[in-house]
Amino acid sequence: MASFRGILPDELEPLAIGAWILGAGGGGSPYHSFLNIRELYEQGRRVMLMDPSALNDDDLVAVVSNMGAPLVGQERLCDPAIAVMSLEIGGGNAIQPLLVAALTDLPVVDADTMGRAYPEAQMTSFAIGGLRPYPLTLSDIRDNEVIVSRAASWKWMERISRQVCTEVGSIAATCKAPRTGKEVKEWGILHTVTKAIALGGAVPDARRRHADPVAAVLELERGRLLFRGRVADVDRRTTEGFLRGSARVEGLDGDRTRKPRVTVPDLICVLDTASGEAIGTETLRYGQRVTVVALPAPDMQRTAKGLEHVGPRAFGYDLDYVSPFEP
């Protein structure tokens, strides 16, 4: 691709659709962020997408994310930053850098640090790479701002910033430690904005052709169909600022077999069987007809070091990594 290109107005909705699929149930719905960026586009704002290869090694990139605040443009970005990029391409945070870029005229780097959505800071590719986790800036819509100038580890950075976010009402926006162009190119998960746009465009395109939108997702991402069925039970609770629980999907043939067929870091996505659009953990409900698919994780996350950060045991499961994809 060219080093820079404008993100077209008709690519905004595909980006939201694709980001919601790549969220693998998490990351929060991109819908409201999509409405915000669409409104900015209607006001004449535009966003440029920057290929990571165009970064000079010593350029600084601001890594932005959202913990619930709709006014992400309130974030205090470091002055020397020449571009912004997303912490995670999955869910609503895929669109946060576009909101910042539309208000600051900075380009958005075509990359993120997760390739999907993960809940905690130590699950980023920069953490896998052993890069420094600080400083971090967190601000809310009431004009409160906290700067974490130092943290002992990525896990401590997560604990501190999560606690602050909770204290300001679980509504905050963050700017992570600035990254050099060299760090982004070496440890970022590259071209994920383009990936999300293509994925989100394939779903409505398949529907227009009266084709199977789930099949279009699987073909584009070289995914695996796990099973189709109906949601039979959902147990959902919020603890420590996270949505936790379980769901049972019964196959339409009555199959209730329970065995691990795929685990993190591969993406386990629940899609609406008819529309092909993602269903998040917070919107999963009894009676929905769903198709569960697996999409391959970025190679970095499937290494021994990557599995320490994002494998099953990183989430508290005493399981080895199980994947339908070749290692």
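The values are calculated or read from the model by the stated rules, or taken from the named source; none is laboratory data. Here the structure is a predicted model, which is why all the values come from computation and not from measurement. FYI the Cβ positions are ideal-geometry reconstructions off the backbone, even for glycines, and counts take in every protein chain you see. Side chains included, ligands, DNA and RNA excluded: accessible areas come from the protein's heavy atoms. Shrake-Rupley method; radii C 1.70, N 1.55, O 1.52, S 1.80 Å.
Each part gets one Cα centre, and for the range 198-248 versus the range 1-62 those centres are 21 Å apart. Mean residue ellipticity, 222 nm, helices only, the chain: the sum of -39500 (n - 2.57) across DSSP H runs of n ≥ 4, divided by residue count and rounded to 500, is -8000 deg cm²/dmol.
How much length is gained on full extension from THR166 to LYS259, taking 0.36 nm per residue of separation minus their Cα-Cα distance?
Between THR166 and LYS259, full extension yields 29.9 nm more.
In the calculated pair-distance distribution of the chain, the portion above 24 angstrom amounts to 52 percent of the Cα-Cα pairs. Taking 0.36 nm per residue of separation and subtracting the current Cα-Cα distance, fully stretching the chain between LEU319 and ASP58 would add 89.9 nm. Taking the Cα centre of the chain as reference, the dipole from Cβ charges on Lys and Arg (+1) and Asp and Glu (-1) amounts to some 760 debye.
Computed from the C-beta positions of GLU326 and MET48, the FRET efficiency with R₀ = 35 Å rounds to 0.45.
Carbon-plus-sulfur fraction of the accessible area of the chain, 1.4 Å probe, in percent?
50 percent
Compute the helix-to-body angle for 12-22: its Cα long axis versus the longest principal axis of the chain, expressed 0 to 90° and rounded to tens. Helix 12-22 and the main axis of the chain meet at about 60 degrees. Once both labels are positioned 7 Å from their Cα atoms along Cα-to-Cβ, the gap between ASP235 and ALA2 label points is 5.4 nm. With protein chains left intact and a 1.4 Å probe, residues in the chain average 47 Å² of accessible area per residue.
Placing a label point 7 Å from the Cα of THR104 along the Cα-to-Cβ direction, the residues of the range 121-151 whose backbone N falls under 12 Å from that point are 137.
Heavy-atom accessible area for ARG162, with the other protein chains in place and a 1.4 Å probe, reaches approximately 60 Å².
Close lysine pairs were tallied over the chain: pairs 8 or more places apart or on different chains with Cα atoms under 26 Å apart number 13.
Go ahead and run the numbers for FRET between ILE268 and GLU308, Cβ-Cβ distance against an R0 of 22 Å, rounding to 0.05. About 0.65, to the nearest 0.05. Computed FRET efficiency, Cβ-Cβ of SER246 and ALA211, R0 35 Å: what is it to the nearest 0.05? Between SER246 and ALA211 the formula returns 0.60. Evaluated with a Cβ-only charge set (Lys, Arg +1; Asp, Glu -1), the range 1-62 carries a dipole of roughly 200 debye about its Cα centre, given to the nearest 20. A convex hull fitted around the alpha carbon atoms of the range 159-271 yields 187 Å³ per residue. Peptide packing for 293-306, 202-215 was compared via the average number of neighbouring C-beta atoms within 10 Å per residue; ordered from the highest value, the list is 293-306, 202-215.
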